[in-house]
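Below: one structure, written as structure tokens.
FYI, it's all coordinate maths here, none of it is from the lab. The shown structure was predicted, so the numbers you read here are calculated from the model rather than taken from an experiment. All Cβ positions, even for glycine, are placed from backbone atoms using ideal geometry, and neighbour counts span all protein chains on display.
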Amino acid sequence: MADVQLWLPKVRKNEAGYANVAGDRGGVTYAGITYKNYPDWEGWPVVFSKERKHNEKIPELNTLVDEFYVREFWNKLQLDKAASQELAEQIADAAVMSSHKAAIKFAQNIFGLEQTGKLCEDTLQHLQGLA
């Protein structure tokens, strides 16, 4: 089964620290987490506690960032059930970069299934290598 602990270091490497770039539709972002999409994330009070520099990383938020990616992506997509670590990471990355629905469609395309974007039993069976 796929292991989220093998994926998290790659996410940490790929997702920068603080950003608030004019014209970026994501707006205020920390470690790839956008305030616009996730205003209830527990790390925002620390991020907003003082003025930040572009790409500044806040070490005390590492645990909250990891928990966010596990909860919002790995667990929601049930990737711990995946028979392939590589495929699980590709699906998780697709969800981070676009959406859960797009990531599920990506997987369904690989499996030759109808691309509904819904994590149905048939998709899970293929993900587990059981179909």
Residue-averaged 222 nm ellipticity for the chain, from DSSP H runs of 4+ at -39500 (n - 2.57), nearest 500: -12000 deg cm²/dmol
Selected from Arg12, Arg71, Arg25 as most flexible by GNM, with the chain as the system and alpha-carbon contacts under 10 Å: Arg25
Can you give the charge dipole size of region 1-64 about its Cα centre, rounded to the nearest 20 debye, using +1 on the beta carbon of Lys and Arg and -1 on the beta carbon of Asp and Glu? 220
Summing +1 per Lys or Arg and -1 per Asp or Glu among the other residues with Cβ less than 11 Å from Tyr38's Cβ gives -1
Assigning unit charges at the beta carbon (Lys, Arg +1; Asp, Glu -1) and nothing else, what dipole magnitude in debye, to the nearest 20, does the chain show about its Cα centre? 380
For volume of the Cα convex hull per residue in Å³, which listed value, (1) 103; (2) 121; (3) 113, comes from the coordinates shown? (1)
Note on region 85-131: alpha-carbon gyration tensor, axes a ≥ b ≥ c; rule is a/c under 1.5 for rounded, else prolate if a/b larger than b/c, else oblate; result oblate
Assuming 1.002 mPa s and 20 °C, estimate D for region 1-75 with Stokes-Einstein, Rh taken as the Kirkwood radius over Cα pairs, in µm²/s. 167
Among Leu130, Val46, Ala22, which residue has its Cα positioned farthest towards the positive end of the charge dipole of the chain, with +1 placed on the Cβ of Lys and Arg, -1 on the Cβ of Asp and Glu, and the dipole taken about the Cα centre? Ala22
Among Val28, Val65, Val11, determine the one that fluctuates most according to a GNM of the chain built with springs between C-alpha atoms less than 10 Å apart. Val28
